[in-house]
Amino acid sequence: MTKWDVVVVGAGQAGCAAAWDLAAAGQRVLVLSRPAGQGKPCAGGVTAKTLNRYRFSIAAVVREVVSTLWVGRFPGDSQALQAASPFCVMTERAELDVFCRQQAQQQGASFAETRGIQSLRQDGRSVTLTTREGERFQARAVIAADGAHSPVRKLLGERRYGGAVAIEGCVPREQLSRYPGMTLDFAAIKGGYGWLFPKGDHVNVGLYVWRQGIASPSREQLDGYSQQQLGVRPSGVQGYPLGTWLPRARLCQGRILFAGDAAGCTEALLGEGIYGAVLSGQLAAQAILAGQLASYPHWLAGWREEVVTVEQLARLFYPLMPLSTRMLQGNLGETLVDGFARGLTLGQCKRRWRGASMVGG
């Protein structure tokens with residue numbers, strides 16, 4: 001059995017963000033990751049507020065810089081929303097995760113692959129994990145950043161929550177007669193939207209539903225949407241859940257903290273998860289460094305309030321289409337892209353829009 005200060009389960013955005021901070025502070029950190037080639041599917045859009053949270057530049061893996069968002073109600077025409085400066089960059093999630101892993105390794109974090117956690121046991125001083133390969137690791141604290149299905153949460157007997165769901169694929173650029181801008185097509189699926197994310201040599205195309213049970217995006221629906229918008233069916237199609245249950249989840253159980261999708265840190269309206277992952281990973285690391293593990297939920301309370309606000313917006317926005325889409329194509333949308341470019345959250349953009357509306361009225 002090897003001993004560490006902290007073991008992080010999961011090498012995605014939350015896990016790497018936590019590992020970077022912990023290693024930079026001199027902690028002996030081990031990150032347990034899935035075998036190579038088993039990365040998480042993700043549309044890969046990184047907003048300005050997320051770029052502001054990284055401890056390093058991700059310019060090396062940026063494929064497109066976006067300052068214009070096309071918004072429509074499928075299958076109608078789209079409206080261009082132009083920001084004065086970029087509000088988002090496009091990345092490939094696998095490339096982004098590898099890059100962030102390299103940054104954490106440069107700070108001194110260690111990484112090891114495993115097929116999964118077989119068991120875990122904790123007492124008042126440490127946590128012991130046993131992998132499916134039979135290896136045992138002991139640490140003063142564990143950060144579970146192991147995704148929406150979180151095997152660690154399951155081993156602890158924690159309940160499962162229903163979140164959002166998405167399906168995506170890719171279309172090579174050489175197969176396209178038209179290379180689109182960043183596009184959100186609301187009502188391309190019930191309770192959600194279709195997206196087109198340009199990535200240089202290909203376009204990422206997908207369908208998002210803000211809450212499981214409203215609709216289940218299928219390969220056939222994705223093929224139909226892609227065929228109508230791009231004239232080509234996508235390849236490499238994968239479906240995946242997104243954790244949007246932060247307001248209802250327990251974030252700390254003894255010496256184990258949950259981060260990223262395992263904590264439900266994705267916002268529900270648009271399904272943006274990378275910001276919440278990076279933020280929660282950093283705050284989990286800070287709680288450990290401060291020796292205040294039980295304070296972690298309080299430190300994440302601001303983002304929890306944001307997720308609650310955005311979930312309320314989703315409950316209003318999707319049933320009110322097409323009215324809500326027309327609003328988004330107007331002043332509301334312009335306020336959003338301008339706010340995103342300034343590094344604001346959706347909730348902060350909403351407050352700016354309401355303030356401007358009240359002044360204007």
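For this structure, a couple of remarks:
- Checked against the criterion of being open to solvent by 30 Å² or more (accessible area, probe 1.4 Å) and among the polar types (S, T, N, Q), region 262-274 contains not a single residue that satisfies it.
- Checking each residue in region 146-186 for being of a type outside the set (Val, Ile, Thr) and assigned to a strand (DSSP E or B) picks out 164, 166, 168, 169, 170, 172, 182, 184, 185, 186.
- Test set (1) assigned to a loop (DSSP other than H, G, I, E, B); (2) open to solvent by 20 Å² or more (accessible area, probe 1.4 Å) - residue 247 fails condition number: (1)
- The one condition in (1) over 19 Å from the mean Cα position of the chain (by Cα); (2) on the phi < 0 side of the Ramachandran plot; (3) surrounded by fewer than 21 Cβ atoms within 10 Å (Cβ to Cβ); (4) not aromatic (Phe, Trp, Tyr) that residue 26 fails to fulfil: (2)
- Complete set of residues in region 27-81 that are under 30 Å from residue 332 (Cα atoms) and of a type in the set (Lys, Arg): 49, 53, 63, 73
- Qualifying residue in region 104-116 (condition: crowded, with 21+ Cβ neighbours inside 10 Å, part of a helix (DSSP H, G or I) and modelled with pLDDT of 95 or more): yes
- Of all residue pairs spaced 6 or more apart or on separate chains, those with beta-carbon atoms under 6 Å, a first member in region 78-95 that is within 14 Å of residue 197 (Cβ to Cβ) and a second member that is polar (S, T, N, Q) and open to solvent by less than 70 Å² (accessible area, probe 1.4 Å) are 88/47.
- Every test in (1) charged (D, E, K, R); (2) modelled with pLDDT of 95 or more; (3) under 30 Å from residue 189 (Cβ atoms); (4) open to solvent by 40 Å² or more (accessible area, probe 1.4 Å) is passed by residue 49 save one, and that test is (4).
- Every residue from region 213-223 that is surrounded by fewer than 16 Cβ atoms within 10 Å (Cβ to Cβ) and either of a type in the set (Gly, Ala, Ser) or touching an Asp or Glu at 6+ places or on another chain (Cβ under 6 Å) (or both): 213, 216, 218
- Residue within region 65-75 that is modelled with pLDDT under 95, open to solvent by 40 Å² or more (accessible area, probe 1.4 Å) and assigned to a loop (DSSP other than H, G, I, E, B) present: yes
- Condition check for residue 295: in a helix (DSSP H, G or I), buried (at least 17 other Cβ atoms within 10 Å of the Cβ) and at pLDDT 95 or above: no
- Of the residues contained in region 170-179, one or more are found to be modelled with pLDDT under 95 and open to solvent by 30 Å² or more (accessible area, probe 1.4 Å).
- Flag if residue 271 is in contact with a Leu (Cβ under 6 Å, 6 or more places away or on another chain), farther than 30 Å from residue 138 by Cβ and not in a helix (DSSP H, G or I): yes
- Residue within region 116-133 that is in contact with a Pro (Cβ under 7 Å, 6 or more places away or on another chain) and touching a residue at least 12 places away in the same chain (Cβ under 8 Å) present: yes
The values are calculated or read from the model by the stated rules, or taken from the named source; none is laboratory data. Everything numeric here is computed off the predicted structure, so don't read it as measured data. In this analysis, Cβ positions are derived from the backbone assuming ideal geometry, glycine residues included, and neighbour counts consider all displayed protein chains. To get the accessible areas, we keep the full protein, side chains included, count just its heavy atoms, and leave off ligands, DNA and RNA. Shrake-Rupley method; radii C 1.70, N 1.55, O 1.52, S 1.80 Å.
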